[in-house]
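The values are calculated or read from the model by the stated rules, or taken from the named source; none is laboratory data. Computed from a predicted structure; not experimentally measured. All Cβ positions, glycine included, derive from the backbone under ideal geometry; neighbour counts span all protein chains shown. The area values use the complete protein model at the heavy-atom level, side chains included, leaving out ligands, DNA and RNA. Shrake-Rupley method; radii C 1.70, N 1.55, O 1.52, S 1.80 Å.
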Amino acid sequence: VIIHNKYDSRITMVVSYLLSLMEVKINKLVIIGISGINNVGKTTIVSELKKRYRNNEMVSIIDDAFRLTREGTRIEDNINALIKQITAIINARNKIIIMDRTPADTLSFLELFNHKLFITLSPDIVKIMQKYDFIANVRLKNDDFKKPTKYVDANSRKIVYKTLNDFYDNNAIEYSVI
């Protein structure tokens with residue numbers, strides 16, 4: 001997916017359409033999101049849940065849809081991950097879904113690349129996140145952003161952290177800090 005400003009309205013339409021499909025199915029599901037910036041332990045938590053629920057046919061574990069490239073995190077990766085996250089919920093066959101990274105996380109990374117698209121998609125992502133039954137916002141104990149990760153520099157991590165937490169707090173989305 002190549003994203004330019006002229007594509008913003010198409011992306012918004014796709015997310016809105018996926019949200020309408022999700023609305024039909026959501027009442028039958030329990031959705032649990034493991035949220036947080038990169039490199040805080042989300043996947044470690046999800047890996048433990050996978051071990052615990054591997055034989056439970058009621059539970060679907062949805063791996064992190066965020067795609068990284070050799071160059072780092074790109075806007076295309078964010079859009080693809082967002083669409084994959086929403087379609088994973090729509091296509092889920094089980095009653096309980098546990099997601100490694102939420103659409104709110106992906107939207108917060110999108111803010112690094114395209115503020116207009118972040119603002120445009122935010123209302124739909126708020127609706128999606130309000131459908132979650134439980135959100136665990138995984139944070140570092142000391143919120144140390146001085147160290148970059150393989151794909152994200154320290155300053156970008158700090159921006160995404162603030163954007164994600166502000167998104168939850170400003171939109172009255174309930175979460176638990178772990």
Trypsin sites (Lys or Arg not before Pro) restricted to the range 78-178 and DSSP loop, no more than 10 other C-beta within 10 Å:
R93, K141, K146, K150
Expressed in nanometres to one decimal, the distance between label points 7 Å along Cα→Cβ at S176 and F134 is 0.5 nm
Mind putting a number on the dipole of the range 111-178 about its Cα centre? Charges go on the C-beta only, +1 for Lys and Arg and -1 for Asp and Glu, and I need it in Debye to the nearest 20.
300 debye
Of K50/K162; K42/K147; K116/K141; K51/K162; K95/K162; K42/K127, which sit over 26 Å apart, Cα to Cα?
K50/K162; K116/K141; K51/K162; K95/K162
Under the rule rounded for a/c under 1.5, else prolate if a/b exceeds b/c, else oblate, using alpha carbon gyration tensor axes a ≥ b ≥ c, the range 53-178 is classed as rounded
Å² per residue, accessible surface of the range 41-128 at 1.4 Å
49 Å²
Residue-span extension gain [K51 to A88] - 0.36 nm each, minus C-alpha spacing
11.3 nm
Full extension between H115 and M58 adds, at 0.36 nm per residue less the Cα distance, a length in nm of 16.7 nm
If I compute solvent accessible area with a 1.4 Å probe over the protein chains, what percent of it on the range 89-152 is carbon and sulfur?
51 percent
Run the quick spin-label model on K147 and D169: label points 7 Å from Cα toward the beta carbon, then report their separation in nm to one decimal.
2.5 nm
Burial-style ranking of 120-126, 31-37, average other-beta-carbon count within 10 Å with highest first, yields 31-37, 120-126
